[in-house]
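The values are calculated or read from the model by the stated rules, or taken from the named source; none is laboratory data. Note that the coordinates shown come from a computational prediction; the quantities given were computed from them, not determined experimentally. Glycine gets a Cβ as well: all are built from the backbone with ideal geometry, and neighbour counts include every protein chain shown. What goes into the accessible areas is simple: the full protein's heavy atoms, side chains included, and nothing from ligands, DNA or RNA. Shrake-Rupley method; radii C 1.70, N 1.55, O 1.52, S 1.80 Å.
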Amino acid sequence: MNDKPLSRFETLKLASENWIHTDLTSILIIIFFILAVIIIFVGGLLMQKFLKTKHIHNYFFKYAEDKGLTEKEAKILWDYSKRMGRDPLLVIEFKSPFEKVVDLYIHTHPNPDEKLVQDMRKKLGFNVIYNFIPLTLSKDIEMFQNGKMITGKKAYDVALYDKDEKHMYWLIIGLKSRSEIDENRPVKITFLRKGDAIYNLESPITEVLQEDNKIVVKLPHTFEMSRTQRREFPRIETDIPAMIGDIITVDGKEEIVWHIGRILDISVGGVKFCIPKDGSKEIKTGIGQNVLLKFELENNSYDLKASIENKDERKTAICLGLKFTDIKEKEKEKIFEYIQKEQKKLAQLARSQKQ
């Protein structure tokens, strides 16, 4: 045995080698520990995401079944919603995302089933559009809607003759020869939707068809429609007892003659007030003149000034379009709240009818 003592240099070298060996081992242990923590953490997140997706998937298909959709219909909405990056649950609940998803299906599937799409639309209650709900795409235009078709410097009376999931077919009223229509020129369709607004859309002509003496223009559907509301305020149909005060002058003095009638629609800006003809003979006011209006709405009494904007004489009644000329903000708010409540009731009724 060599008992020769180590030099200081050899002792330091031996200690350094031992320290390096020990330190590398510790570092490797720490690294492996950190990697294990990261793997567990990431794996946990992925598992959580997987379980959440699976839960949403199962919930969606169960909810779709409750809505009356078949498994095939639900799968189409699920798959194409994911392709568009849409929430499938919103697609079932709201018409606008639904229409965009089924439009993608119609235009990209090698063999789309239009009847299936129409069945889904009916089951979900998206086939009926009430006039207080704005149109979002040309598929929503009602059959036989009248309008104008403008091409170049010419304008034609048209009516929606037919439609499918890809195209709409506008009948040109009174036109006998298709030679007048330039198939290479895009056209503009403008129409007034009753109780809503004026709509405009532009589209290229896909084809000009002639059926006997009928000329029909085939146009692709579009989501691009401009809407111009004719009224400043939203309006709701109603039936409210009311009285109109006809301001007349007798012997140099103003007197008010009251007539009983009913308010048939109302907005924050005014009302349509109708009086039975047998009780309207003495009305002497005309367009542009001022009147008084009294009515009650949800236990609130209103005594307002108004001007006559238009007059519509019918067989059984005379209807006056009245515009409020002196109404307080609190009264406006109350009327607006009433209109919102009535619109929600109509929407809820529409939903209950589709279930």
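Taken along the Cα-to-beta-carbon direction at a fixed 7 Å, the label points for LYS330 and ASN184 span 6.8 nm. With 0.36 nm allotted per residue and the present C-alpha distance subtracted, the GLU255-ILE56 stretch has 64.7 nm of extension available. Computed in the context of the full set of protein chains, the accessible area of the stretch 98-158 at 1.4 Å probe radius has 53% of its extent on carbon or sulfur. Length available on full extension from SER96 to ASN200: 0.36 nm per residue minus the Cα-Cα distance, which gives 35.6 nm. Comparing Cα centroids, the stretch 143-184 and the stretch 57-136 end up 29 angstrom apart. Excluding same-chain neighbours fewer than eight residues apart, the aspartates and glutamates reachable from LYS115 by a Cα-Cα span under 17 Å are GLU71, GLU73, GLU99, ASP103, ASP140, ASP162, ASP164, GLU165. The calculated FRET efficiency for the pair LEU89 and LYS277, based on their C-beta separation and a Förster distance of 45 Å, comes to about 0.25. Restricting the stretch 137-204 to chymotrypsin sites (Phe, Trp or Tyr not before Pro) that sit in a DSSP loop and have at most 11 other Cβ atoms within 10 Å of their own Cβ leaves PHE144.
The residues of the stretch 126-217 expose, per residue, 53 Å² of accessible area to a 1.4 Å probe.
Entry for the stretch 135-195 at q = 0.18 Å⁻¹: log10 I(q)/I(0) = -0.67, Debye formula applied to identical alpha-carbon scatterers, no solvent contribution. Beyond 31 Å in Cα-Cα separation lie the following of the pairs LYS311/LYS334; LYS95/LYS328; LYS123/LYS272; LYS166/LYS194; LYS95/LYS311: LYS95/LYS328; LYS123/LYS272; LYS95/LYS311.
What a 1.4 Å probe finds exposed on the stretch 179-267 is 44% carbon and sulfur by accessible area, rounded to a whole percent. A simple spin-label model places the labels of ASN131 and ASN111 4.4 nm from each other, with each point 7 Å out along Cα-to-Cβ.
Note on ILE39 and SER26: the extension gain reaches 2.7 nm, defined as 0.36 nm multiplied by sequence separation minus the Cα-Cα distance.
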